[in-house]
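The values are calculated or read from the model by the stated rules, or taken from the named source; none is laboratory data. Worth saying up front: this structure is predicted, and the values here are computed from it rather than measured. Because the Cβ atoms are built from the backbone with ideal geometry, glycine has one as well, and the counts that use them run over all protein chains shown. The protein model used for the area step is the full one, side chains on, heavy atoms only, and it has no ligands, DNA or RNA in it. Shrake-Rupley method; radii C 1.70, N 1.55, O 1.52, S 1.80 Å.
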Amino acid sequence: MDKRKILVIYTGGTIGMMMDPSTNSLVPFEFKDIYHQLPMLPLVDAELTFTDLLPLIDSSDTNPDFWIRLAKCISDNYEKYDGFVVLHGTDTMAYTASALSFLLENLAKPVILTGSQLPLGVIRTDGRRNILNAIEFAAAHQQGQPIVREVCVCFQNALYRGNRTYKADASRFNAFHSPNYPKLAEVGTYIEYHKHFLLSTDTSAKFKAYTQMDNNVAVLKIFPGMSTNLIGNIFNTPKLKAVVMESFGVGNAPTSSEFISILEKAIENDIVIVNITQCKNGGGVEMGKYLTSKHLSDIGVLSGYDMTTEAAVTKLMFLLSNCPEKNKLIKLMITPLRGELSNE
Ligand code: ASP
């Protein structure tokens, strides 16, 4: 069989930087020069093509427009390549992976995001290993079919479902966690795929890239003593359509009548409220387990189950634009669309 064709899309971030000896600071290098940084690349068992998604950005500047352009770049090249590697800053990589997972429907090829904590041009970089692993995952196939058919994050010898991850560490190489879904694969002397955890996309269904997202979404992190005035102001934001409410534990929130009536009024005004937990290391919302969450379900707050903030925010942005019928949107919000939540 011919070598798998992989498109490597560089979007910016630390991975593509090198030390400029004249200024002693990090500057982006031109990706066409990547073979200087990774002289072993020609040995990889895949045919690689590199492209830049311009303008290159620090991932703090990602937004729906960027996600749609990235989805379009993948869609425009979908038939030409067997897999895609996206080189991205780590800071918001989990948001981009989540957004892409929703924008790319019936994805039957691997889209592997990776980056690094240290630039490729630095001797102790983690980027070298991450990029080589990502290419290997993007090229992996069995009986002519790609093994991975979803949007993933590859970091520090592991492959994760992208919409289950969050950036958990600002400096250690093991930067990404997936608290509520197991690793999809692990790299040791062999690559071990946990195949029963991979999405099994129907390869005959037609691939589609969506081109719209609505950013009239807010995140409300509840804390003890939070002023109802502040909460009220958030819900009074003009054009606001949905709120991801980060609550305590298994979905508990204050029970004061002022707080509840703000939420109740927002729901009457057609604002969708999704309850997710602030706990980062595992577990999700179980509405009604305690009385302090039962009142939320009684007024129509939705359970986000075990979704990450990253998945909940981007899913709402996706559904608000692409699902005009409110009842359907509510149903889809609590249903796994791309393996982003477990509701059983
Ligand atoms: N600020 C950088 C970014 O996210 C950090 C990184 O790439 O790791 O673009």
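Quick check, is LYS5 away from the ligand (no atom under 16 Å from the Cβ), in contact (Cβ under 8 Å) with a residue 60 or more places away in the chain and either open to solvent by 20 Å² or more (accessible area, probe 1.4 Å) or at positive phi (or both)? Here the answer is yes, as LYS5 does meet what is asked.
Quickly run through segment 175-205 and pick out the residues that are within 23 Å of THR277 (Cα to Cα) and in a loop (DSSP other than H, G, I, E, B). If the condition is that a residue be within 23 Å of THR277 (Cα to Cα) and in a loop (DSSP other than H, G, I, E, B), then ALA175, SER178, PRO179, ASN180, TYR181, PRO182, LYS183 are the ones that fit.
Among the residues of segment 298-312, are any over 20 Å from the mean Cα position of the chain (by Cα) and surrounded by 17 or more Cβ atoms within 10 Å (Cβ to Cβ)? Looking for residues that are over 20 Å from the mean Cα position of the chain (by Cα) and surrounded by 17 or more Cβ atoms within 10 Å (Cβ to Cβ), one finds at least one in segment 298-312, hence yes. Of all residues in segment 44-64, those satisfying the criterion of being among the hydrophobic types (A, V, I, L, M, F, W, C) and away from the ligand (no atom under 16 Å from the Cβ) are VAL44, ALA46, LEU48, PHE50.
Across segment 10-25, which residue is least open to solvent (accessible area, probe 1.4 Å) among those that are among the hydroxyl-bearing types (Ser, Thr, Tyr) and either at pLDDT below 80 or more than 12 Å from the ligand (Cβ to nearest atom) (or both)? Taking the candidates together, the pick is SER25.
Could you grab the pairs with beta carbons closer than 7 Å, sequence gap of 6+ or different chains, first residue in segment 164-191 and farther than 23 Å from GLY339 by Cα and without any contact (Cβ under 8 Å) to a residue 60 or more places away in the chain, second one assigned to a loop (DSSP other than H, G, I, E, B) and open to solvent by less than 50 Å² (accessible area, probe 1.4 Å)? If the second residue must be assigned to a loop (DSSP other than H, G, I, E, B) and open to solvent by less than 50 Å² (accessible area, probe 1.4 Å), the pairs left are ASP169/ALA175; SER171/GLN117; PHE173/GLN117; PHE173/ASP126. Among the candidates LEU263, LEU319, the residue that is open to solvent by less than 20 Å² (accessible area, probe 1.4 Å) and more than 23 Å from ILE231 (Cα to Cα) is uniquely LEU319.
For the residues THR228, THR277, THR237, the requirement of being in contact with a Gly (Cβ under 9 Å, 6 or more places away or on another chain) and without any contact (Cβ under 8 Å) to a residue 60 or more places away in the chain singles out THR277. Note on segment 79-129: among residues that are among the small types (Gly, Ala, Ser) and under 10 Å from VAL151 (Cβ atoms), the one that is nearest to the ligand (Cβ to nearest atom) is ALA97. Inspect all residues belonging to segment 69-78 and state whether any of them is more than 16 Å from the ligand (Cβ to nearest atom), in contact (Cβ under 8 Å) with a residue 60 or more places away in the chain and part of a loop (DSSP other than H, G, I, E, B). Yes - at least one qualifying residue is present in segment 69-78. Residues in segment 139-158 that are in contact with a helix residue (DSSP H, G or I) (Cβ under 9 Å, 6 or more places away or on another chain) and of a type in the set (Gly, Ala, Ser): ALA158 alone.
When residues in segment 108-120 are screened for being over 16 Å from GLY13 (Cβ atoms), open to solvent by less than 10 Å² (accessible area, probe 1.4 Å) and assigned to a loop (DSSP other than H, G, I, E, B), 1 of them pass. In segment 121-138, of all residues being under 13 Å from MET18 (Cβ atoms) and out of contact with any Phe, Trp or Tyr (no Cβ under 8 Å at 6 or more places or on another chain), the one that is surrounded by the most Cβ atoms within 10 Å (Cβ to Cβ) corresponds to GLY127. Scanning segment 30-48 for residues being within 26 Å of ASP20 (Cα to Cα) and loosely packed, with under 14 Cβ neighbours inside 10 Å gives a total of 8.
The residues of segment 88-106 that are outside any strand (DSSP E or B), open to solvent by less than 10 Å² (accessible area, probe 1.4 Å) and not hydroxyl-bearing (Ser, Thr, Tyr), listed by number, are HIS88, GLY89, MET93, ALA94, ALA97, ALA99, LEU100, PHE102, LEU103.
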